[in-house]
Amino acid sequence: MDKFKIVPPGMGIMHQVNIEYLARVVETDGDWVYPDVCLGTDSHTTMVNGLGVLGWGIGGIEAEAVMLGQSLSLVVPPVVGFRLTGELPPGATATDLVLTITELLRRHGVVGKFVEFHGPGVTGTSVADRVTIANMSPEFGSTCAVFPIDAQTLRYLRFTGRRPEHVALVEAYAKQQGLWHEPDMQLTYSEQVELSLSSVVASLAGPRRPQDRVPLTAAQAAFRAELGGPPERAHRPATWWTRHPRNPSRPATLRPSSPASGRTLHRRATTAPMRPLPWSPDRRSRWCWRASGTGSATERWPSPPSPPAPTPPTHR
């Protein structure tokens, strides 16, 4: 019970509490020092991979067995090395990066495999970016998506109030055991995937199918194509809809700029010359808005037909 901890309700998302408070990266037991490992009962346990902690989600029965002292056995999985190079261009966010990575790994096929990120591009990613990527491991199908320990990890541990002597232990142990990130080291993996961060662009994707990424520059053409609009109208300004972000803090990321960007977008959308659609179910809720511009609304995109009037009941 020495290491048993209880987090009171209402303290935040459990994975975020794990990264900011519970995860230690390196564990100690008397004279023994060993890497931190996390086995959780939620599929997004992999979020802790961004801190350099190996972890993934398991079933409830397995978790109960581990808590009672039973070991967890598994077949040694294939390890996919994901090499990152370059730097993110201006305007590209961690969300754009993770959508690009999800698309690549879905195409490659990583179900039942470990993914390990390496290469010089890892150095330029913050822990906030890394946990955003690792959090999407269930979406591209891997068992986990782990990042190495480096200076960014130590900086985050200090930022979240870990003791200086523990941070020093993490650095010394990682370097001694070969777990420290060396950008130019040539590593051997079962399979290899590579991505240049400079190729990442602003993108869109739906919440249910994040692998169906659409570059922002192609969003209008894709929107027309999905709705079956005539090709000759693809060059005209699209009618855009936006939903009022009642809770902008919902993104599962530790990067403060993500919810801040959502709030900025909402503020600009509501201050722009926009008006609620006449056929919106609830005009006061701001669920649907149409941007004003050149040409009439009907010319730019036809409004949906009005619903039929209800049929009065027949009395016998």
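Listed here are the strands (runs of 3 or more DSSP E) enclosed by the stretch 25-77 that have at least 1 residues being of a type in the set (Phe, Trp, Tyr): 32-35, 54-57.
If I ask for residues that are among the aliphatic types (A, V, I, L, M), assigned to a helix (DSSP H, G or I) and at pLDDT 90 or above, which ones from the stretch 169-223 would you list? Quick ask: steps written out before the conclusion?
We begin by selecting, within the stretch 169-223, every residue among the aliphatic types (A, V, I, L, M); these are 169-170, 172, 174, 179, 185, 187, 193, 195, 197, 200-202, 204-205, 214, 216, 218-219, 221-222.
Narrowing the set further to residues that are assigned to a helix (DSSP H, G or I) leaves 169-170, 172, 174, 197, 216, 218-219, 221-222.
Hits for the stretch 169-223 are Leu169, Val170, Ala172, Ala174, Leu197.
Do you know which residues across the stretch 70-94 are touching a strand residue (DSSP E or B) at 6+ places or on another chain (Cβ under 8 Å) and under 21 Å from Gly50 (Cα atoms)?
Pro77, Pro78, Val79, Val80, Gly81, Phe82, Arg83, Leu84, Thr85, Gly86
Any residue at all in the stretch 89-97 that is of a type outside the set (Phe, Trp, Tyr), more than 16 Å from the chain's Cα centre (by Cα) and in a helix (DSSP H, G or I)? Within the stretch 89-97 (the criterion being of a type outside the set (Phe, Trp, Tyr), more than 16 Å from the chain's Cα centre (by Cα) and in a helix (DSSP H, G or I)), the answer is no, since none of the residues qualifies.
The values are calculated or read from the model by the stated rules, or taken from the named source; none is laboratory data. Note that the coordinates shown come from a computational prediction; the quantities given were computed from them, not determined experimentally. Neighbour counts are summed over all protein chains in view; Cβ atoms, including those assigned to glycine, are modelled from backbone coordinates with ideal geometry.
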